[in-house]
Amino acid sequence: MALTASATASTAEFIVDSLQMDPDALVKVKHSVNRPNIYLEGAYRLLRRADDAVRYIPDSRQKRITEIADIIDELAFRRSEEPGVTAEQARAVAGIVYCRQRDECDEVANFLKGHGIQAAAYHSGVKDRDMIARLWEQNDKLLALGKPRVDCVGASTALQRR
C-alpha cells in the first residue's frame, strides 16, 4: 500500500516505481483534500497570548516561526480552559507544521523546543523517523505515562528523490 496526500501524477508514478509495485495491479483512489477531520486556520492578526503580551517581529522566517509558536500557545490556552484539562494536557495536542525544506523543519522544531513545546523534525534526513512518528502518534498515551513524547513535528512537504 502506498498513500500520498498531494502527489502529482509524475510523483505518484515515481513512488510506484521506487516501491517496485506493479502498476496494473494497483487500485488507485483519489479523494478531496477537504475533509471534516482536519482543522486549518489562517489568520492575519497580532496574536494576544494569555499573558496579554503582543509580539511584533519584522517580517522574516523567524517571524513566521514565532507566529506558529504563538498560535500553538493560543490553542493550548483555549484548551486549558476546558473543564478537567491540565496545562500539560492542553499542550499535548498532536500537530504538524509543514515546511518546504528540511532545514526549515529543523529550524521550526528547534525553535518550538526552545519555547517548551515537545517538537521534532520529520524529513528524509532524520535517522529516527520511525521513533519520532511513534512518539507523535502516541503522544496522549505517553503523556499519561509520564514518558517522552512529540506533540508537534516540523515535516517536509517534499518527496526526496534519490
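Values in this text are rule-based calculations from the coordinates and carry no lab data. Just so we're clear, the structure is a prediction, and the values are computed from it rather than from any experiment. Counting neighbours? That spans all protein chains shown, and the Cβs are built from the backbone with ideal geometry, glycine included.
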Going residue by residue through segment 14-29, the Karplus relation 6.51 cos²θ - 1.76 cosθ + 1.60 with θ = phi - 60° gives ³J(HN,Hα) values, rounded to whole Hz and with x marking Gly or Pro, of 4, 5, 4, 5, 4, 8, 6, 8, 7, x, 6, 9, 8, 10, 9, 10
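Can you give the local net charge around Met21? Use residues other than it whose beta-carbon is closer than 14 angstrom to its beta-carbon, Lys and Arg +1, Asp and Glu -1.
Every neighbour counted, the sum reads -3.
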Reachable lysines from Lys147, Cα under 17 Å, same-chain residues fewer than 8 places away excluded?
-> Lys113
Could you please rank His115, His123, placing first whichever residue has the fewest other Cβ atoms within 10 Å of its Cβ?
-> His115, His123
When the Karplus curve 6.51 cos²θ - 1.76 cosθ + 1.60 is applied with θ = phi - 60°, which whole-Hz ³J(HN,Hα) does each residue of segment 112-117 get, with x for Gly and Pro?
-> 5, 4, x, 10, x, 9
Under the Karplus relation 6.51 cos²θ - 1.76 cosθ + 1.60, θ = phi - 60°, what is the ordered set of whole-Hz ³J(HN,Hα) values for segment 61-72, x standing for Gly and Pro?
-> 4, 4, 5, 5, 5, 4, 5, 4, 4, 5, 5, 4
In this structure, the FRET efficiency calculated for Arg134 and Asp24 from their beta-carbon separation, with R0 = 30 Å, to the nearest 0.05, is 0.30
Would you order Thr66, Thr157 from fewest to most other beta-carbon atoms within 10 Å of each residue's own beta-carbon?
-> Thr157, Thr66
What's the local net charge at Val126, with K and R +1, D and E -1, over the other residues with C-beta under 9 Å away?
-> +1
So which trypsin sites (Lys or Arg not before Pro) in segment 56-149 pass both tests, a DSSP loop state and at most 13 other Cβ atoms within 10 Å of the Cβ?
-> Arg100, Lys127
Using the 10 angstrom Cβ neighbour count as an exposure proxy, how do Glu81, Glu13, Glu104 rank, fewest first?
-> Glu81, Glu13, Glu104
Determine the relative contact order of segment 80-159: mean sequence separation of Cα pairs under 8 Å and six or more apart, normalised by residue count, in whole percent.
-> 42 percent
